[in-house]
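Below is one structure; the comments refer to it alone.
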Amino acid sequence: MVAVLAGACGSQVYHRVRPGETLYRIGKAYGVSVERLAAVNHLKDPSRIEVGQRLLIPGGRRHVPVALVTPKGRHRHHDLPEGFQAKPGRSDDPPPANARGLFTWPVTSGSVTSGFGPRGLGFHDGIDIAGAEGTPVVAAAAGEVIYADSLPGYGNVVILRHRGGYATVYAHNRKNLVGEGAKVRRGQEIATLGNSGRTTGANLHFEVRLDNVARNPLYFLPPIVVTGAEAR
């Protein structure tokens, strides 16, 4: 829940603390330091906040789903900022039963340039699909848009929630074409491929999460659609 109140200096965004949230996680989600959050909210002990407590977010423009963008679990992706990560799966985790084909490819042309699994000192929570900038990015399954905005590292990102505890993430977009709360159908264009955020070229970073645990997207996609797609 969020309250947006008109003030002398414009709109002010307040975040209501939910179970499991900490000031650190809230700050990471909104891009505000713990120290600044504590100062503007006159918190003597930043480690002690209560469920239901309302916090002013300095510079906030809109509500951010903290549980989604800063889930519990340690950060394991060296390319992206700490916080916006699912709990990491493992590259050798077996796929769920009947996983193959549960989702369609989010682009119709391109090549997989980076797979799911360990990357350097970190862990890559999805796959990267290189392609021409402006290529349509489509919903891998029917669902609801639960986030559509920009985030550090990810650039312009869309996150969809699907049935069965699944979510898909589409990042580095040139432009997001859907808004939060929208219902989308399988194959509907939701963004255009780009190079926003931290990336070395035009590509789509695509994740599949099950109960907010990152899984290898290649387990869930048809085997031959995008050039270079090979299961790890």
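The values are calculated or read from the model by the stated rules, or taken from the named source; none is laboratory data. Everything numeric in this text was worked out from a predicted model, so none of it was measured. Reconstructed Cβ throughout: ideal geometry from the backbone, glycine too, with neighbour counts over all protein chains shown.
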What are the pairs, 6+ residues apart or on separate chains, where a residue within region 93-106 that is of a type in the set (S, T, N, Q) has its Cβ under 9 Å from a residue that is part of a loop (DSSP other than H, G, I, E, B)? THR104/ALA139; THR104/ALA140; THR104/ALA141; THR104/ARG186; THR104/GLY187; THR104/LEU221; THR104/PRO222; THR104/VAL225
Any residue in region 136-157 that is in the same structural domain as ARG61 (by TED's automatic domain parsing) sitting within a Cβ distance under 8 Å of a residue that is of a type outside the set (S, T, N, Q)? List the pairs, counting only those 6 or more apart or interchain. none
Failed condition for ARG198, given (1) at pLDDT 95 or above; (2) outside any strand (DSSP E or B); (3) not small (Gly, Ala, Ser), with all others met? (1)
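Regarding region 70-93, can at least one residue be identified that is modelled with pLDDT of 85 or more, under 21 Å from ILE159 (Cβ atoms) and outside any strand (DSSP E or B)?
Going through region 70-93, the residues modelled with pLDDT of 85 or more turn out to be none.
Looking through region 70-93, none of the residues is modelled with pLDDT of 85 or more, under 21 Å from ILE159 (Cβ atoms) and outside any strand (DSSP E or B).
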Out of the residues in region 57-68 that are buried (at least 18 other Cβ atoms within 10 Å of the Cβ) and modelled with pLDDT of 65 or more, state the one that is farthest from TYR170 (Cα to Cα). ILE57
Of everything in region 137-155, what is buried (at least 22 other Cβ atoms within 10 Å of the Cβ), in contact with a Pro (Cβ under 8 Å, 6 or more places away or on another chain) and not hydrophobic (A, V, I, L, M, F, W, C)? Give them in sequence order. none
Run ASN41 past the list (1) at pLDDT below 75; (2) surrounded by 12 or more Cβ atoms within 10 Å (Cβ to Cβ); (3) on the phi < 0 side of the Ramachandran plot and report the number of the one that doesn't hold. (1)
